[in-house]
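Here the structure comes first, spelled out in structure tokens, and everything after it is commentary.
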Amino acid sequence: QVQLVESGGGLVQPGGSLRLSCVASGSIFNVFAMFWYRQAPGKEREWVARLRTSGSTYYVEAVRGRFTISRDSAKNTVYLQMNSLKPEDTAVYYCNANNGRGSNYWGQGTQVTVSS
């Protein structure tokens with residue numbers, strides 16, 4: 001069983017930045033790909049960023065160039081650095097760990113609100 005705990009959400013003005021953190025309950029990054037998803041009100045949950053075990057990163061087009069996913073294995077922590085935030089980035093952001101073999105874990109989510 002893997003536990004994921006997100007933090008770092010909050011209220012920020014358009015153009016601002018936030019860094020989300022996701023602490024895993026153990027050393028999982030060599031086995032699990034890590035994802036950040038988000039869900040806006042009235043919309044389906046969508047993946048935003050992916051960090052493979054190899055270290056390769058992928059982003060949805062809407063955030064490419066503005067968001068960066070990274071990890072600190074010593075701290076069992078994955079980050080999502082979000083820059084140049086827009087109102088449409090407002091959502092609950094979720095951390096996800098998936099090993100591609102049926103094990104899939106979610107954090108509780110952290111609210112990000114971009115508004116003036």
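The values are calculated or read from the model by the stated rules, or taken from the named source; none is laboratory data. Quantities reported herein were computed from a predicted structural model and do not represent experimental measurements. No Cβ is skipped: glycine too gets one built from the backbone with ideal geometry, and neighbour counts run over all protein chains shown.
Observations
- All of (1) at pLDDT below 95; (2) of a type in the set (S, T, N, Q); (3) within 14 Å of the chain's Cα centre (by Cα) hold for residue 39 with one exception: (1).
- Single condition residue 100 does not satisfy, out of (1) at pLDDT below 95; (2) crowded, with 17+ Cβ neighbours inside 10 Å: (2)
- Filtering the stretch 1-39 to residues that are small (Gly, Ala, Ser) and touching a helix residue (DSSP H, G or I) at 6+ places or on another chain (Cβ under 8 Å) leaves only 27.
- Conditions (1) loosely packed, with under 15 Cβ neighbours inside 10 Å; (2) within 14 Å of the chain's Cα centre (by Cα); (3) under 17 Å from residue 8 (Cα atoms): number failed by residue 48: (1)
- Positions within the stretch 11-68 being more than 22 Å from residue 111 (Cβ to Cβ) and acidic (Asp, Glu), in sequence order: 61
- For beta carbons closer than 8 Å, sequence separation of 6+ or different chains, a first residue in the stretch 9-38 that is buried (at least 18 other Cβ atoms within 10 Å of the Cβ) and a second that is assigned to a loop (DSSP other than H, G, I, E, B) and among the basic types (Lys, Arg), the qualifying pairs are 33/52; 37/45; 38/45.
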